[in-house]
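A short write-up of the structure that comes next.
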Amino acid sequence: MDQPDSPFDGLLGDLLKILGGQGGGSPWLESAKALAVGVATDGSPEENLDPLERIAFEQLLDVAGRHVAEITGRVSPANLSITPVGRGAWALSQLDAWRPVIETVVEAQAEATGASLAQLTGDMGAGGAPALFSQFADLLGPMLLGLQFGSAAGHLAERALGSYALPLPWPQGSDLLIVPKNVAAFASDWSLPLDEVRLFALTRELAGQTVFGDPSISARITELLEAAMADSMRAQKSLIEKMTSSGDPEAINAMLTDPDALLSELVSPGGQASSASLTAATTALGAYLDHVADSVASRLTSSHALLHEAWHRYRVTDAKGEQAAGGLFGLDLSAGEVERGQSFVAGVLERQGETGLAKLLIDGSSLPTPAEIDAPGLWLERISLPELGEPGSASQPT
């Protein structure tokens, strides 16, 4: 059996075999799925879900839907389905939801990464870089994306109660996903009645479906997301340049064998100016989902005060999955932003009540700007202008 010329050459060969055996799929997606499931399940097979879990949530669907419609002024689709899933399945669904946005930048990122490493290969000469290096250069960018997004999705799955763990769009027509294991863990951690936590989780998911089911709102968030991700990918390009600038294969080998080190250098939420608009919009929407779920819980649960406090602490926890995903998307999900969103909602309610807050859902142009989320009165003034009060308005704040 032929032996590699060096440990580095052997590593490249092994990685090329893995990436080359993925059935012709997207390299970033395949590596992301493998890592996401491994992280989400801790490498263990997932247990089959109890059919009674679906029944328990379906029994709550009608009452939750009616209250969400009353608060938001919008009715959920009549054929809406609830799908209980395990953590691994949730992580895979999350990657599928992210895929259209990620693929708008992955090609450009892969090209930039390949160019940087190809330049290194040329600079090092025939006796420097391994022969497989130029082949690997074309795959490194997508592979890094796979590692990053797979890790983020896997860690998110450890805590997510449902589809809208992040205030970002899901594919139109998708079932609402609920993670019963996480719902039960949340209830147990806070000594809350399980049925009441189920109602809360389901209500928040229905609110998310109502908000992001609006094509204009989803389109606006996607537009902001793509702009913020472009800046995030520039940060990744800088990392690749750092890897290649030394001309030392052993240093590159060390970085490649430590994905956590790569992630720590890439996760810097809120650092780019272009992410400010995305953060403002999603912060407001996330707070709105919390408000709807909290309002329904105040009407229908006996332990609302404890549930309110538990959810607040859950939201401000510096969780690895949220922060990793936020950094990749250029999205700030810190505790400060959670409280910023809560203050915005409280300010709107104080001035105009639920009627004013419902204006958040007019269309994509109604989402607050970075200045407006800190000044709810300013947002209400703008949103009350006739041209912005018409559904389908094409005007977008900057």
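The values are calculated or read from the model by the stated rules, or taken from the named source; none is laboratory data. Please read these numbers as outputs of a predicted model, since none were measured by experiment. Cβ placement follows ideal geometry from the backbone for every residue including glycine, while neighbour counts extend to all protein chains displayed.
Observations, loosely collected:
- Counted as qualifying within segment 277-370 are the helices (runs of 4 or more DSSP H) with 3 or more residues that are more than 21 Å from residue 163 (Cα to Cα), namely 304-316, 335-357.
- Of all residues in segment 53-88, those satisfying the criterion of being hydrophobic (A, V, I, L, M, F, W, C), farther than 27 Å from residue 153 by Cα and buried (at least 16 other Cβ atoms within 10 Å of the Cβ) are 60, 64, 68, 71.
Residue-by-condition table, conditions (1) of a type in the set (Asp, Glu); (2) over 30 Å from residue 146 (Cα atoms):
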site: 301; (1), (2): no, yes
site: 309; (1), (2): yes, yes
site: 332; (1), (2): yes, no
site: 339; (1), (2): yes, yes
site: 353; (1), (2): no, yes
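- Meets criteria (over 30 Å from residue 181 (Cα atoms), modelled with pLDDT under 60 and surrounded by 20 or more Cβ atoms within 10 Å (Cβ to Cβ)) for residue 118: no
- Test for residue 152: is it modelled with pLDDT under 75, among the hydrophobic types (A, V, I, L, M, F, W, C) and either in a helix (DSSP H, G or I) or surrounded by 15 or more Cβ atoms within 10 Å (Cβ to Cβ) (or both): no
- Some residue of segment 163-176 being at pLDDT 90 or above and over 26 Å from residue 301 (Cβ atoms): yes
This table checks each residue for (1) in contact with a His (Cβ under 9 Å, 6 or more places away or on another chain); (2) at pLDDT 95 or above.
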{"position": "278", "(1), (2)": "no, no"}
{"position": "287", "(1), (2)": "no, yes"}
{"position": "294", "(1), (2)": "yes, yes"}
{"position": "318", "(1), (2)": "no, no"}
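- Residues of segment 192-242 satisfying the condition of being modelled with pLDDT of 75 or more, polar (S, T, N, Q) and farther than 25 Å from residue 161 by Cα: 216
- Subset of segment 71-106 (residues that are farther than 30 Å from residue 227 by Cβ, part of a helix (DSSP H, G or I) and among the hydrophobic types (A, V, I, L, M, F, W, C)): 71, 89
- Among the residues making up segment 197-234, those that are charged (D, E, K, R) and either surrounded by fewer than 19 Cβ atoms within 10 Å (Cβ to Cβ) or not in a helix (DSSP H, G or I) (or both) are 214, 223, 226, 231, 234.
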